[in-house]
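K.L.:
Pasting a structure here, questions to come.
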Amino acid sequence: MPQQSDGPKTPPPAPARQDGEGSQRLPLPDSSGGPRGVLLQIENLSKVFHIRQGFSSQEFHAVDKASIVIDSDKPEIFAVVGESGSGKTTLAKMVLGMEAASEGILRYKNRVINDISSKEMKTWFYREVQPVFQDPFAAFSPLKRIDGYLFETAANYKMANKKEAPRYINEVLSEVGLTLAEIAGRYPNELSGGQAQRVAIARALLTKPSLIVADEPVSMLDASLRMSIVNMFRNLKDHSEVSVIYITHDLATAFYAGDRIAVMLRGWIVEMGPTEQVLGNPLHPYTQNLKTSIPSIRSSDAWNEKIDLAVIETDEYTRTGCKFAGRCPAVMDICHDNIPPNVQHQGRSVKCFLYEDDGAPTSQKVATPALG
Amino acid sequence: MGTIIETNNLRAYYITNAYGVERTVKAVDDITLRIQEGEVYGIAGESGCGKSTLLRVLLNAYDPPLTVVGGEVVYHLDGERVNAADMTEEQQRDLRWRTISYIPQGSMHVLNPVRRIRDSFHDFISAHRDVSKAESFALTANYLRDLGLPEKVLASYPHQLSGGMRQRVTIALATILWPKLIFADEPTTALDVVVQRGVIQMLKDVQQNEGSTLVLITHDIGVHANLADRIAILYAGKLVEEAATQTILESPRHPYTRFLIESLPSLDSREERLSIPGRPPALDRPPSGCRFHERCPLAKDICKTIEPALIEIAPKHFTACHVVEEELSHASAV
Ligand SMILES: Nc1ncnc2c1ncn2[C@@H]1O[C@H](COP(=O)(O)OP(=O)(O)OP(=O)(O)O)[C@@H](O)[C@H]1O
Ligand SMILES: Nc1ncnc2c1ncn2[C@@H]1O[C@H](COP(=O)(O)OP(=O)(O)OP(=O)(O)O)[C@@H](O)[C@H]1O
Ligand code: SF4
Ligand code: SF4
Ligand SMILES: [Mg+2]
Ligand SMILES: [Mg+2]
């Protein structure tokens with residue numbers, strides 16, 4: 001099947017490819033002391049896109065002042081869930097240096113990484129931080145054999161010499177349920193979606209990174225493989241001190257694997273905190289909406305009432321108040337024209353007027369629970 | 001309502017020869033099934049077990065190295081029985097354009113990257129109907145609005161949309177002319193659960209309003225639960241179980257299906273959950289006997305050598321497993 005890949009698509013997710021052969025000098029990571037403790041710091045990060053419409057140009061925030069801190073002494077799986085189009089991939093791309101931030105600061109191990117264009121910076125950064133993307137077929141050129149990528153990455157980052165490379169690669173592949181013999185010589189379109197995704201994950205693991213930014217790494221996989229991949233993330237975290245930013249639409253695996261979670265809506269992080277609290281007892285009306293929309297396999301729970309997609313997305317980015325006001329069952333007057341604050345409540349942060357005044361919803365506000 | 005597509009002992013292999021190494025991947029191996037007109041037929045199974053391959057063969061849209069080496073695909077079109085292999089070019093085109101629509105896996109790529117969305121829709125619609133640009137734009141705008149896609153999408157290029165938006169646009173493109181037969185390969189994987197629910201509803205609407213038949217592949221058993229009438233479980237190129245959705249979910253019999261249903265994580269517990277033991281088998285050297293035997297906790301000697309037949313263990317409930325078959329014969333002997 002021909003793939004139309006070379007259009008104005010996502011940037012190539014393969015930093016290893018761009019580095020070519022010559023990464024001789026070992027880069028200088030930040031071993032110079034400095035305050036330890038922070039692996040990744042995302043501070044007020046925004047991305048503004050301009051959309052041309054006729055003669056005018058509309059501006060909107062795909063990510064709006066996101067702040068997240070991941071500690072280095074406490075590796076974790078940080079789940080990011082939320083609406084399709086809410087800015088999750090854009091956030092990931094900024095962290096990965098594939099999209100320039102419009103505002104805000106990114107730090108990795110105390111180095112500012114807003115600009116990693118220098119070669120030395122790049123080599124250091126992409127050994128430390130590895131991406132795994134939504135669409136495995138976009139990560140590989142259809143004209144190139146898939147094992148070639150693995151050997152290239154192993155060589156570029158000096159993970160194994162020529163003789164050891166097959167063994168090393170096979171070992172990493174076995175972590176994702178594949179063997180080198182199985183994929184050797186194959187082109188990407190000769191693999192199933194799930195197989196291609198597992199190869200992409202294996203490639204990310206090859207450099208033994210400290211942080212993996214995984215954008216929907218399991219959406220192509222069956223339930224059992226999903227569990228083996230998220231179990232693998234859990235293992236990497238527990239035994240190899242690897243942190244993972246795990247972007248997903250699968251709330252069940254986010255709940256299962258995530259230590260903390262951020263819920264995004266229209267560029268905002270609307271709720272963030274320990275996964276058990278946030279998904280166990282969601283406070284933000286959007287998180288509640290998400291939770292009740294999980295398709296259940298119990299026939300008694302089949303969805304009955306209709307949802308109207310038309311109200312979604314149409315104008316939410318450009319709303320002046322709360323982006324959820326148009327479909328929030330708990331909406332109040334104040335929500336239409338004012339941006340809700342980030343409130344600390346019950347061990348998490350919630351961006352919603354309901355929880356202002358340190359919490360206890362006022363009586364008028366209580367009229368909310370029946371959401372669906 | 002009768003059968004609309006059937007396969008009989010269908011075998012479709014990928015036969016490749018790279019650098020003198022021949023490889024035959026038995027992706028669809030002896031599959032017999034009947035899809036009823038107007039039903040939603042769900043297909044589930046491990047990644048790499050042959051679901052997409054089966055769909056491509058059902059659609060009669062495949063090229064080498066994929067080769068049908070045995071069996072047949074038969075369509076029942078307007079009361080006529082047409083063997084896919086015997087179709088003329090004309091019949092094929094007609095089928096492809098008028099009756100069938102296909103939402104391929106990873107379908108975000110089918111959009112032309114250098115055309116604006118509204119132009120892609122116009123290209124598509126005008127290829128099928130005699131419409132002006134204004135008419136196709138209006139039709140498109142209305143339809144996209146129903147799907148909750150913002151106005152800005154119309155003038156956008158595919159790369160300017162999020163993954164989920166692109167996927168919805170593709171589904172819209174495939175269904176805007178209300179086809180009779182819809183083949184959807186993982187149509188909702190890139191969507192959040194709220195939008196997923198909306199998209200499923202929309203597929204259901206199209207299906208019900210038009211009496212269309214929907215063949216749906218997804219890994220998301222929750223989606224099957226809400227949409228499919230029947231579910232077929234594939235394992236390593238074989239059909240191992242087929243039954244009404246509720247039966248598959250509540251009383252699956254094949255050991256693989258039981259693992260599949262039990263390994264589903266939920267929001268009820270964070271306790272460690274195990275995945276199915278072992279690895280998916282390589283289909284160029286599939287295991288002998290029952291293809292699941294290396295991973296099956298119930299496996300017996302016979303499983304290693306003799307392939308279990310797909311038998312009807314209860315009305316409309318088919319399973320291919322020696323142990324299930326044995327239990328059945330014991331039960332009926334009593
Ligand atoms: N290059 C671009 N130019 C213009 N708009 C863009 C661009 N890339 C993304 N966007 C817009 O930014 C918003 C966020 O997109 P993003 O891909 O980050 O969403 P997402 O949360 O990853 O969604 P999904 O779950 O569907 O993958 C979308 O409205 C999208 O249309
Ligand atoms: N062009 C090809 N050449 C050789 N083998 C192929 C080719 N395409 C697919 N295969 C193999 O055929 C088998 C079935 O692939 P298929 O894409 O049908 O799986 P699937 O069930 O759809 O998996 P997934 O859920 O991961 O999409 C896989 O083992 C795959 O490696
Ligand atoms: S701020 Fe208002 S509209 Fe927004 S989620 Fe809270 S209650 Fe709903
Ligand atoms: S036939 Fe044997 S190996 Fe196969 S599923 Fe049944 S018990 Fe397991
Ligand atoms: Mg995305
Ligand atoms: Mg597939």
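The values are calculated or read from the model by the stated rules, or taken from the named source; none is laboratory data. Nothing here was measured: the structure is a model prediction, and the numbers come from that model. Positions of Cβ are backbone-derived with ideal geometry, glycine not excepted, and every protein chain shown enters the neighbour counts. SASA here: full protein model, heavy atoms, side chains in, ligands and nucleic acids out. Shrake-Rupley method; radii C 1.70, N 1.55, O 1.52, S 1.80 Å.
K.L.:
Please go through segment A:115-156 and pick out each residue that is of a type in the set (Gly, Ala, Ser) and either within 16 Å of ligand 4 (Cβ to nearest atom) or within 14 Å of chain B (Cβ to nearest Cβ) (or both).
P.N.:
Filtering segment A:115-156 for residues of a type in the set (Gly, Ala, Ser) gives A:117-118, A:138-139, A:141, A:148, A:154-155.
A:ALA138, A:ALA139, A:SER141, A:GLY148 - these are the residues of segment A:115-156 that are of a type in the set (Gly, Ala, Ser) and either within 16 Å of ligand 4 (Cβ to nearest atom) or within 14 Å of chain B (Cβ to nearest Cβ) (or both).
K.L.:
A follow-up question, please. May I ask you to say which residue of B:LEU214, B:LEU191 is closer than 27 Å to B:ASP78 by Cβ and either away from ligand 3 (no atom under 16 Å from the Cβ) or surrounded by fewer than 24 Cβ atoms within 10 Å (Cβ to Cβ) (or both)?
P.N.:
Details: B:LEU191 fails: closer than 27 Å to B:ASP78 by Cβ.
None of the other options fit; the residue is B:LEU214.
K.L.:
Residues in segment B:191-204 that are within 7 Å of chain A (Cβ to nearest Cβ) and touching a residue at least 40 places away in the same chain (Cβ under 8 Å): how many?
P.N.:
Summing the residues that are within 7 Å of chain A (Cβ to nearest Cβ) and touching a residue at least 40 places away in the same chain (Cβ under 8 Å) in segment B:191-204 gives 2.
K.L.:
Could you identify the single residue in B:ALA331, B:ALA299, B:ALA282 that is more than 12 Å from every other protein chain (Cβ to nearest Cβ), aliphatic (A, V, I, L, M) and more than 15 Å from ligand 4 (Cβ to nearest atom)? Don't jump to the end; show me each part of the working.
P.N.:
Details: B:ALA299 fails: more than 15 Å from ligand 4 (Cβ to nearest atom); B:ALA282 fails: more than 12 Å from every other protein chain (Cβ to nearest Cβ).
Within the list B:ALA331, B:ALA299, B:ALA282, the selection yields B:ALA331.
K.L.:
Among the residues that make up segment A:73-82, is at least one of them among the basic types (Lys, Arg) and in a helix (DSSP H, G or I)?
P.N.:
Taking every residue of segment A:73-82 in turn, none turns out to be among the basic types (Lys, Arg) and in a helix (DSSP H, G or I).
K.L.:
Can you tell me which residue in segment A:26-53 is modelled with the highest pLDDT, limited to those that are in contact with a Lys or Arg (Cβ under 8 Å, 6 or more places away or on another chain) and within 14 Å of chain B (Cβ to nearest Cβ)?
P.N.:
Of everything passing the filter in segment A:26-53, A:ILE51 is modelled with the highest pLDDT.
K.L.:
Kindly indicate which of B:ALA134, B:ALA141, B:ALA172, B:ALA127 is more than 7 Å from chain A (Cβ to nearest Cβ), surrounded by 15 or more Cβ atoms within 10 Å (Cβ to Cβ) and farther than 22 Å from B:VAL223 by Cβ.
P.N.:
Answer to the check: B:ALA141.
K.L.:
Could you please give the count of residues in segment B:116-138 that are closer than 28 Å to A:ALA62 by Cα and touching a residue at least 24 places away in the same chain (Cβ under 8 Å)?
P.N.:
Matching residues across segment B:116-138 total 5.
K.L.:
Hand me the list of strands (runs of 3 or more DSSP E) wholly inside segment B:1-64 holding 2 or more residues that are surrounded by fewer than 22 Cβ atoms within 10 Å (Cβ to Cβ).
P.N.:
Details: elements: B:3-18, B:21-36, B:40-45.
Filter on segment B:1-64 gives B:3-18, B:21-36.
K.L.:
A further question on this structure: Find all pairs meeting these conditions: Cβ atoms under 9 angstrom apart; at least six residues apart or on different chains; first residue within segment A:68-92 and on the phi > 0 side of the Ramachandran plot; second residue in a loop (DSSP other than H, G, I, E, B) and among the basic types (Lys, Arg).
P.N.:
From residues that are on the phi > 0 side of the Ramachandran plot, the pairs are A:GLY82/A:ARG266; A:GLY85/A:ARG266; A:GLY87/A:ARG266.
K.L.:
Restricting attention to segment B:197-211, which residues are of a type in the set (Lys, Arg) and surrounded by 22 or more Cβ atoms within 10 Å (Cβ to Cβ)? I'd like the intermediate steps shown before the answer.
P.N.:
Initial filter on segment B:197-211 (of a type in the set (Lys, Arg)): B:197, B:204.
If the condition is that a residue be of a type in the set (Lys, Arg) and surrounded by 22 or more Cβ atoms within 10 Å (Cβ to Cβ), then B:ARG197 is the only one that fits.
K.L.:
Restricting attention to segment B:175-190, which residues are facing chain A (nearest Cβ under 8 Å) and at pLDDT below 85?
P.N.:
Those that are facing chain A (nearest Cβ under 8 Å) and at pLDDT below 85: B:THR189, B:ALA190.
K.L.:
Please work out which residue is farthest from the other protein chains (Cβ to nearest Cβ), limiting yourself to segment A:58-88 and to residues that are within 8 Å of ligand 1 (Cβ to nearest atom) and surrounded by 24 or more Cβ atoms within 10 Å (Cβ to Cβ).
P.N.:
Step one: list which residues in segment A:58-88 are within 8 Å of ligand 1 (Cβ to nearest atom), which gives A:60, A:62-63, A:82-88.
From what's left, surrounded by 24 or more Cβ atoms within 10 Å (Cβ to Cβ): A:63, A:82-88.
On the way: A:VAL63: 12, A:GLY82: 6, A:GLU83: 5, A:SER84: 2, A:GLY85: 4, A:SER86: 8, A:GLY87: 8, A:LYS88: 8 Å.
Applying the filter and picking the extreme gives A:VAL63.
K.L.:
For segment B:250-267, name all the residues that are buried (at least 21 other Cβ atoms within 10 Å of the Cβ), modelled with pLDDT under 95 and out of contact with any strand residue (DSSP E or B) (no Cβ under 8 Å at 6 or more places or on another chain).
P.N.:
Residues satisfying the conditions are B:PHE259, B:PRO265.
K.L.:
Hey, another quick one. Can you tell me which residue within segment A:262-321, out of those that are at pLDDT 70 or above and among the acidic types (Asp, Glu), is most open to solvent (accessible area, probe 1.4 Å)?
P.N.:
Looking at the filtered set, the residue picked out is A:GLU276.
K.L.:
On to the next question. Which number in (1) closer than 21 Å to B:PHE183 by Cα; (2) at the interface with chain A (Cβ under 9 Å from one of its Cβ atoms); (3) open to solvent by less than 20 Å² (accessible area, probe 1.4 Å) marks the one condition that B:GLU242 misses?
P.N.:
B:GLU242 satisfies all of (1) closer than 21 Å to B:PHE183 by Cα; (2) at the interface with chain A (Cβ under 9 Å from one of its Cβ atoms); (3) open to solvent by less than 20 Å² (accessible area, probe 1.4 Å) except (2).
K.L.:
May I pose another question? Conditions: (1) crowded, with 19+ Cβ neighbours inside 10 Å; (2) assigned to a loop (DSSP other than H, G, I, E, B). B:LEU274 meets all but one. Number of the miss?
P.N.:
All conditions pass for B:LEU274, except number (1).
K.L.:
Among B:SER120, B:SER126, B:SER156, B:SER132, which is the only one that is under 26 Å from the mean Cα position of the chain (by Cα), farther than 29 Å from B:ALA228 by Cβ and among the small types (Gly, Ala, Ser)?
P.N.:
Just one listed residue meets the conditions, B:SER120.
Okay, residues lined up against (1) part of a strand (DSSP E or B); (2) closer than 14 Å to B:PRO265 by Cβ:
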site: A:MET232; (1), (2): no, no
site: A:ASN235; (1), (2): no, no
site: A:TYR246; (1), (2): yes, yes
site: A:ALA252; (1), (2): no, yes
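K.L.:
Of everything in segment A:89-114 that's crowded, with 22+ Cβ neighbours inside 10 Å and within 14 Å of chain B (Cβ to nearest Cβ), which residue is nearest to ligand 5 (Cβ to nearest atom)?
P.N.:
Only one residue tops the list, namely A:THR89.
K.L.:
When the residues of segment B:95-122 are narrowed to those that are within 14 Å of another protein chain (Cβ to nearest Cβ), at pLDDT below 90 and assigned to a helix (DSSP H, G or I), which ends up most open to solvent (accessible area, probe 1.4 Å)?
P.N.:
My answer is B:VAL110.
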